[in-house]
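The values are calculated or read from the model by the stated rules, or taken from the named source; none is laboratory data. All of these numbers come straight from a predicted model, not from anything done at the bench. Cβ coordinates were reconstructed from backbone atoms using ideal geometry, including for glycine residues, and neighbour counts include every protein chain displayed. Note: accessible area is taken over every heavy atom of the protein model, side chains too, but ligands, DNA and RNA are not part of it. Shrake-Rupley method; radii C 1.70, N 1.55, O 1.52, S 1.80 Å.
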Amino acid sequence: MKNFEFYNPTRIVFGEGKIAELNKLVPKEAKVLILFGGESARKTGTLDEVEKALGNRQIGLFGGIAANPRYETLIKAVDKIHQEGYDYLLAVGGGSVIDGTKFVAAAANFSGDSWDILTSGGEKVNTALPFGTVLTLPATGSEMNKNAVITREATHSKRAFMHDTVYPQFSILDPVKTFTLPPRQISNGVIDAFVHVMEQYLTYPANAPVQDVFAEGLLKTLIDIGPKALANPHDYDTRASLMWTATLALNGLIGVGVPQDWSTHMLGHEITALYGLDHAQTLAIVLPSMLLEKRPQKQAKLVQYAQQVWGIHEGSEEQQAIRAIELTREFFERMNVKTRFSDYNLNQDVIEPLVESLIKNGMAALGEHHDITPEISRRIYIASL
Ligand code: NZQ
Ligand code: ZN
């Protein structure tokens with residue numbers, strides 16, 4: 001196991017009805033800006049519930065943070081904070097709203113060009129406004145991590161940053177809030193969480209048995225509950241498991257002391273930035289081809305994955321690895337997320353723009369061995385047609 005430091009200060013408040021606890025969780029004297037997405041938070045009644053729970057605190061609203069949150073939108077929230085003097089933020093929504101709020105929290109205290117927060121990957125951040133979240137979509141883990149992914153519309157750039165000051169102070173996870181999600185978002189959430197685990201697990205053995213078993217448990221849980229979450233939208237226990245599994249998939253715990261990959265995400269971000277596919281759709285396209293391309297380097301972990309997650313014990317190690325990759329693709333398809341560019345009406349014309357974009361964004365040495373060059377990324381994109 002590699003050396004590591006683990007720090008995660010986010011308080012999780014889990015269960016039905018827990019939005020009422022906002023009154024205890026948000027400082028009494030805070031002037032709170034509530035950030036949300038399109039219309040879902042208002043339509044579902046969650047926004048009303050949140051406002052009620054905040055009692056007589058001074059509040060303001062900032063809506064319109066769309067999926068794949070835009071820099072161009074978020075800087076308007078920063079202006080509002082400077083003009084109206086908010087000192088606490090509350091994100092109500094999914095990963096996009098929470099990521100957007102992290103950026104706003106950091107940008108409100110940033111001097112200079114706030115896009116530098118993204119280009120520096122967060123290194124230039126020193127402080128951020130405190131904030132909490134009310135999660136309405138289990139998927140990204142953003143509710144319990146220090147990452148955010150922001151898109152700059154003008155340049156089609158989708159960039160990430162991370163910083164210790166943007167861990168949410170608390171996150172409220174009420175599984176009932178997921179009942180109103182369209183099936184597509186449940187599918188997306190399951191795939192995103194699944195690939196988060198794979199990025200931290202499917203590399204090479206690192207003498208980290210407990211991280212491995214945690215990761216395998218999360219994967220097996222997602223394979224089990226994913227189809228059930230689609231079939232029974234009001235099954236509280238399934239939604240509760242999904243919510244907690246997605247949080248654990250990317251709250252840092254399973255990634256400590258082990259090599260991490262993240263190349264599927266980086267290749268996927270370019271697809272969203274250029275062609276607008278949902279984040280999870282891009283992961284479903286890239287992951288199977290990525291695993292096939294890197295099979296020689298990932299062989300030991302692929303066999304472990306085949307045996308421990310999919311229960312494959314027949315055949316040679318090579319056959320087991322290939323079968324496990326096939327079953328992964330079948331699982332994504334069973335979750336109604338298509339796994340080929342052609343399924344989204346994209347053809348070989350997309351390949352060169354994607355590779356150029358990777359190069360432009362400095363993504364030229366990806367993967368746990370930093371050996372996924374633009375040439376190899378091109379092969380992976382081509383294999384995904
Ligand atoms: O905009 P509204 O009307 O609110 O609708 C949203 C949105 O259209 C809707 N929705 C959310 N909760 C709902 C609901 N509809 C009905 N009922 C509810 N309870 O769902 C749509 C998608 O929401 P979004 O927040 O975009 O989805 P998700 O949570 O999947 O977030 C995706 C974003 O997170 C980033 C992705 O790149 C993408 O930008 N990621 C963030 C990560 C992180 N911070 O660690 C890691 C991930 O790998 C990922 O990159
Ligand atoms: Zn993701």
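Flag not set for Leu47, criterion: open to solvent by less than 10 Å² (accessible area, probe 1.4 Å), among the aliphatic types (A, V, I, L, M) and over 26 Å from Gly189 (Cα atoms).
Yes/no per residue for (1) of a type in the set (D, E, K, R); (2) open to solvent by less than 30 Å² (accessible area, probe 1.4 Å):
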{"site": "Gln185", "(1), (2)": "no, no"}
{"site": "Gly189", "(1), (2)": "no, yes"}
{"site": "Asp192", "(1), (2)": "yes, yes"}
{"site": "Val195", "(1), (2)": "no, yes"}
{"site": "Thr203", "(1), (2)": "no, yes"}
{"site": "Asn207", "(1), (2)": "no, no"}
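Here the condition is being open to solvent by less than 30 Å² (accessible area, probe 1.4 Å), of a type in the set (A, V, I, L, M) and closer than 13 Å to Phe131 by Cβ; of Ala106, Ala41, it holds for Ala106 alone. Selection within segment 140-162: residues that are of a type in the set (S, T, N, Q) and assigned to a strand (DSSP E or B). The member of this set that is nearest to ligand 2 (Cβ to nearest atom) is Asn147. On inspection, Ile191 qualifies as within 16 Å of ligand 2 (Cβ to nearest atom), within 20 Å of Thr238 (Cβ to Cβ), touching a residue at least 24 places away in the same chain (Cβ under 8 Å) and not in a loop (DSSP other than H, G, I, E, B). Criterion applied to Lys177, Lys158 was being at pLDDT below 95, open to solvent by less than 50 Å² (accessible area, probe 1.4 Å) and in contact with a helix residue (DSSP H, G or I) (Cβ under 8 Å, 6 or more places away or on another chain), and the one residue passing it is Lys158.
Being open to solvent by 10 Å² or more (accessible area, probe 1.4 Å), more than 8 Å from ligand 1 (Cβ to nearest atom) and within 20 Å of Ile34 (Cα to Cα) holds for only one residue in Asp87, Asp113, and it is Asp87. Figure legend. Inter-residue proximity from segment 261-284: first residues on the phi > 0 side of the Ramachandran plot, second residues within 11 Å of ligand 1 (Cβ to nearest atom) and open to solvent by less than 10 Å² (accessible area, probe 1.4 Å), beta-carbon distance below 9 Å, spacing 6+ or different chains. Indicated pairs: Trp262/Glu199.
I need the full set of residues from segment 127-152 which are within 27 Å of Thr44 (Cβ to Cβ) and more than 16 Å from the chain's Cα centre (by Cα), in order please.
Hits for segment 127-152 are Leu129, Pro130, Phe131, Gly132.
Hey, can you tell me all the residues within segment 96-135 that are without any contact (Cβ under 8 Å) to a residue 60 or more places away in the chain and either part of a strand (DSSP E or B) or within 24 Å of Phe179 (Cβ to Cβ) (or both)? Once the filter is applied, which keeps residues that are without any contact (Cβ under 8 Å) to a residue 60 or more places away in the chain and either part of a strand (DSSP E or B) or within 24 Å of Phe179 (Cβ to Cβ) (or both), segment 96-135 yields Ser96, Asp99, Phe131, Thr133.
Do we have any residue at all in segment 50-58 that's of a type in the set (A, V, I, L, M, F, W, C) and open to solvent by 10 Å² or more (accessible area, probe 1.4 Å)? Looking through segment 50-58, at least one residue is of a type in the set (A, V, I, L, M, F, W, C) and open to solvent by 10 Å² or more (accessible area, probe 1.4 Å). Considering only segment 314-327, I want to know if a residue exists there that is buried (at least 18 other Cβ atoms within 10 Å of the Cβ), among the small types (Gly, Ala, Ser) and either at pLDDT below 95 or outside any helix (DSSP H, G or I) (or both). Checked against the condition, which is being buried (at least 18 other Cβ atoms within 10 Å of the Cβ), among the small types (Gly, Ala, Ser) and either at pLDDT below 95 or outside any helix (DSSP H, G or I) (or both), segment 314-327 yields no hits at all.
Among the helices (runs of 4 or more DSSP H) confined wholly to segment 211-312, which include 3 or more residues that are within 28 Å of Ile376 (Cβ to Cβ), over 17 Å from the mean Cα position of the chain (by Cα) and among the charged types (D, E, K, R)?
Qualifying helices (runs of 4 or more DSSP H): 295-310.
Taken as a whole, the structure places Ile254 among residues that are in contact with a Leu (Cβ under 9 Å, 6 or more places away or on another chain), within 14 Å of His196 (Cβ to Cβ) and more than 10 Å from ligand 1 (Cβ to nearest atom). When segment 358-385 is filtered for residues that are part of a helix (DSSP H, G or I) and surrounded by fewer than 21 Cβ atoms within 10 Å (Cβ to Cβ), the ones remaining, listed by number, are Ile359, Lys360, Pro374, Glu375, Ile376, Arg378, Arg379, Ile382, Ala383.
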